[in-house]
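Read-outs throughout are calculated quantities, based only on the coordinates presented, and are distinct from any laboratory measurement. Just so you know, these numbers come straight off a predicted model, no measurement behind them. FYI the Cβ positions are ideal-geometry reconstructions off the backbone, even for glycines, and counts take in every protein chain you see.
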Amino acid sequence: MIGHEKTFYSWGGKVTSGSHGEELVWRGDPLPAGARPRLAHGLGRSYGDSCLLNDGCIVETQRMDHLIAFDSATGVVRCEAGCTLAKLLEFCVPRGWFIPVSPGTKFVTMGGCVANDVHGKNHHRAGSFGCFVTRFGLRRSDGAERECSPENHADLFRATIGGLGLTGIILWVEVRLKPIRSPFIRQRTEPLRGINAFFEVARREEAHFDYSVAWLDATHAGTPRGVFIAGNHAEENHAPHFPRSSPRCSVPLTLPDFVLGAWSIGLMNAGYYAANALHWGESRVGYDGFFYPLDAVAHWNRAYGKKGLAQYQFVVPMEFGPEALRETLGKAQAARQASFLTVVKLFGAIPSPGLLSFPRPGVTVCFDFPHLGASTERLLDDLDRTVFACGGALYPAKDARMSRESFERSFPRHREFKELIDPACSSNFARRTGLTA
Amino acid sequence: MKHILVLGATSAIAQAFCRARATPGARFWLMGRNEARLRIVADDLMARGAAAADVRAIEPGNFSSLKTAVEEGFRVNGRFDLFLAAQGSLPSQDLCEGDPGLLSKFFQASAVDIMQAALLVADKFEHQGDGACVILGSVAGDRGRRTNYVYGAAKSALETFCEGLRQRLEPASPVILVKPGPVDTPMTAHLQKNALFSSPEKVAVAIMSAIQRRAAVVYAPFYWRWIMMLIKILPRRLVKRLRA
Ligand SMILES: Cc1cc2nc3c(=O)[nH]c(=O)nc-3n(C[C@H](O)[C@H](O)[C@H](O)COP(=O)(O)OP(=O)(O)OC[C@H]3O[C@@H](n4cnc5c(N)ncnc54)[C@H](O)[C@@H]3O)c2cc1C
Ligand SMILES: NC(=O)c1ccc[n+]([C@@H]2O[C@H](COP(=O)([O-])OP(=O)(O)OC[C@H]3O[C@@H](n4cnc5c(N)ncnc54)[C@H](OP(=O)(O)O)[C@@H]3O)[C@@H](O)[C@H]2O)c1
């Protein structure tokens, strides 16, 4: 353990105050002593405040990144919790295996993927990350390491998947990888016009593709337009693929707030649409470009200016999908708040083992607003009304504002979860939502 | 480059180097002070496909445990293509000034142990007729600085040592001193990071290329050669006043 005063940031630009950083480099090392509350922190790719803790000890895990075991026959890999998906991909893709569920960036840790039970473009086929976790090692404040699996400490297994880092420090994770024959993806893109088109295309194509997602231009006046993107791992091996181990370029400093104003966001959305419109249909792309297009630019979040960005992701049951999507898009437009990336995806019915897992059958929508202060807050409150009227839920990984009430409505098993929180763990998110003191 | 002997195998830089070499057929002999950590490193290399990764814990400052470990390594593996010395720490200058015991412990681990190991290996390499010897120095060894001259002194001792050992072992065995600038590793965890910091992976690449080129002294990244060249020609009178 190596400790010092340090300020931590989340991807949406939230910061800590009075926090102390301790690096956990070796999984056998003891956890920080003392009475201060603590929280594990991976790469801080959560947008809100679930990876932050004021006046506490933040346990940094990213140096703890060793592989522990790999079975090349079954594709079961065990590695330490600070190992990033980027490092794991570098290891497993040349050996013919892929991460079973991947979020939109590979610069996240295994611990972070478990703690948020992340989902990817294949949720309709595969379920969430937690569905592939066979076991993990958890160190609680009593000092003992527990091996948790569906058979062993099953209560902690379920609580830690999607457990927001509150059940202890995950030391290592074992997952089942997915066999692939090629590092390439056979991608299909299709234009979308109107909300109903999205649902029609998604339902029709889902049966044929492992991965699918849609991007909507929420700034377009008139009928919403967008792009439906789907893909499968290519069958045969082609030319070698050289993935990026680090971003191609970087936003070196926080840009002034006007750079990503409503205007320029509209322009960029139009540009993105036009770029896609050049090649509708099928193409072969590298996995980096398909899964992690944003990773090409390091610190792209700085483009959103000092106030950062406000992500807003919700899920509603399928029957309310079209209505909720129409209403939220309408509200954002009426409030003249431009969302840079509006992503829509259908979640499937495969249940996650996690008690607080966010993905559930239905439609998920993710907005990406520049934070403009009070007007953005008002809009988000208004969007909440639509979401909860439809029996929906908000995603903690993207949230810095949900109330205790919103949290409890989103996660009906919160009581069961509370019993399993490690008394030494806390986060700014947990304090706000009444999970911890 | 299949048989690799490492002192200070838990170092972030040594690990980055070994991971990149952990291909089928690679055999590692990992020495350091902490057996549990060495095991973690060995398991990682095995998972990546190495043929063997053995660990030997060495009692700090105990020459006979070092000698036993090195000799056993040569006995078990038959030979080594490379010896990498990455052991070392960055002590607080202030504490070293006030605590003579700390000063000698530091020198023992960051200079004496390394020279002792290199001399054991040198005998074996002479016998083998080949084998590369890589020692991690630092840009801090190029010039004494108010804030870290104890650390710098150990590194410049290693440089002079390498110069002589090189005369003894070349041309059969290259002796390579690698001098990194600041690197983001546990050794520098307490320091504020800036644009001058490099990564263990980049230093690992520089080490490999130095071995292939049989270079004598390399800076990592390369541009430190030019920075240090400028700093080295600064007149002593000026440096005295800088105190940085
Ligand atoms: C560009 C981008 C795209 C994204 N796309 C998606 C997406 O498609 N789907 C999706 O689900 N998410 C997505 N996310 C969110 C991201 O995947 C999650 O927030 C993820 O959990 C971040 O991982 P991290 O390692 O950075 O963890 P952090 O953000 O540092 O931490 C996240 C949570 O995990 C906990 N944690 C981390 N390590 C440990 C550990 N060792 N033990 C216990 N708890 C731990 C923390 O306490 C915290 O509660 C995206 C984020 C970005 C920036
Ligand atoms: N990081 C930099 O900025 C930088 C710059 C220039 C040169 N270097 C040099 O590069 C080498 C590797 O350092 P690193 O950056 O990779 O740091 P690191 O990860 O902290 O590794 C240091 C290594 O030295 C061992 N060690 C430390 N003190 C010891 C002692 N008293 N007795 C025995 N072993 C001891 C450590 O063992 P444990 O794991 O058991 O602690 C570890 O194996 C060092 O020689 C360092 O001086 C580093």
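Can you work out which of the residues in the range B:186-214 that are under 13 Å from residue B:86 (Cβ atoms) and either surrounded by fewer than 22 Cβ atoms within 10 Å (Cβ to Cβ) or within 13 Å of another protein chain (Cβ to nearest Cβ) (or both) is farthest from ligand 2 (Cβ to nearest atom)?
So in the range B:186-214, the residues under 13 Å from residue B:86 (Cβ atoms) come out as B:186-187, B:200, B:203-204, B:207.
So of that shortlist, the ones also either surrounded by fewer than 22 Cβ atoms within 10 Å (Cβ to Cβ) or within 13 Å of another protein chain (Cβ to nearest Cβ) (or both) come out as B:186-187, B:200, B:204.
Working: B:186: 4, B:187: 3, B:200: 6, B:204: 10 Å.
In this case the residue turns out to be B:204.
How about the range A:60-97: which of its residues are under 18 Å from residue B:184 (Cα atoms) and within 11 Å of chain B (Cβ to nearest Cβ)?
Across the range A:60-97, the qualifying residues are A:60, A:62, A:63, A:64, A:65, A:66, A:83, A:87.
What strands (runs of 3 or more DSSP E) lie completely within the range A:1-106 and have 2 or more residues being of a type in the set (Val, Ile, Thr) and under 23 Å from the mean Cα position of the chain (by Cα)? Give the steps one after another, and end with the answer.
Values: elements: A:2-5, A:20-23, A:38-41, A:57-60, A:67-71, A:76-80.
Fully inside the range A:1-106 and qualifying: A:57-60, A:76-80.
If I filter the range B:92-103 for residues that are surrounded by fewer than 20 Cβ atoms within 10 Å (Cβ to Cβ) and within 14 Å of another protein chain (Cβ to nearest Cβ), do I get at least one hit?
Yes, the range B:92-103 contains a residue that is surrounded by fewer than 20 Cβ atoms within 10 Å (Cβ to Cβ) and within 14 Å of another protein chain (Cβ to nearest Cβ).
Quick one: in the range A:371-416, of everything that is part of a helix (DSSP H, G or I) and within 16 Å of ligand 1 (Cβ to nearest atom), which residue is surrounded by the fewest Cβ atoms within 10 Å (Cβ to Cβ)?
Checked the range A:371-416; the qualifying residue surrounded by the fewest Cβ atoms within 10 Å (Cβ to Cβ) is A:414.
Quick one: would you say residue B:183 is among the aliphatic types (A, V, I, L, M), on the phi < 0 side of the Ramachandran plot, within 14 Å of chain A (Cβ to nearest Cβ) and more than 10 Å from ligand 2 (Cβ to nearest atom)?
Working: among the aliphatic types (A, V, I, L, M): yes; on the phi < 0 side of the Ramachandran plot: yes; within 14 Å of chain A (Cβ to nearest Cβ): yes; more than 10 Å from ligand 2 (Cβ to nearest atom): no.
So residue B:183 fails the test.
Could you grab me the full set of residues in the range B:162-179 that are within 27 Å of residue B:240 (Cβ to Cβ) and buried (at least 18 other Cβ atoms within 10 Å of the Cβ)?
Initially, the range B:162-179 is screened for residues within 27 Å of residue B:240 (Cβ to Cβ), giving B:163, B:177, B:179.
Across the range B:162-179, the qualifying residues are B:177, B:179.
Let's see how each residue does on (1) in contact with a helix residue (DSSP H, G or I) (Cβ under 7 Å, 6 or more places away or on another chain); (2) over 21 Å from residue A:138 (Cβ atoms):
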| residue | (1), (2) |
| --- | --- |
| A:16 | no, yes |
| A:19 | no, yes |
| A:28 | yes, no |
| A:31 | no, no |
| A:38 | no, no |
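I'd like the full set of residues that are within 21 Å of residue B:22 (Cβ to Cβ), within 13 Å of ligand 1 (Cβ to nearest atom) and in contact with a strand residue (DSSP E or B) (Cβ under 9 Å, 6 or more places away or on another chain), limited to the range A:82-104.
A:82, A:83, A:84, A:85, A:87, A:88, A:99
Output the residue which, of all residues in the range A:153-166 that are touching a strand residue (DSSP E or B) at 6+ places or on another chain (Cβ under 7 Å) and in a loop (DSSP other than H, G, I, E, B), is nearest to ligand 2 (Cβ to nearest atom). Talk me through it step by step, then tell me what you get.
Within the range A:153-166, the subset touching a strand residue (DSSP E or B) at 6+ places or on another chain (Cβ under 7 Å) is A:153, A:156-157, A:160-161, A:165-166.
Next, only the ones that are in a loop (DSSP other than H, G, I, E, B) stay: A:153, A:161, A:165-166.
Details: A:153: 30, A:161: 32, A:165: 26, A:166: 30 Å.
This residue is A:165.
Take the conditions assigned to a loop (DSSP other than H, G, I, E, B) and of a type in the set (Ser, Thr, Tyr) and apply them to residue B:147. Does it pass? Can you show your working first?
Details: assigned to a loop (DSSP other than H, G, I, E, B): yes; of a type in the set (Ser, Thr, Tyr): yes.
Answer is yes for this residue.
I'm trying to understand the selection: among the residues of the range A:417-430, which are touching a residue at least 24 places away in the same chain (Cβ under 8 Å) and outside any loop (DSSP other than H, G, I, E, B)?
Result: A:417, A:425, A:428, A:429, A:430.
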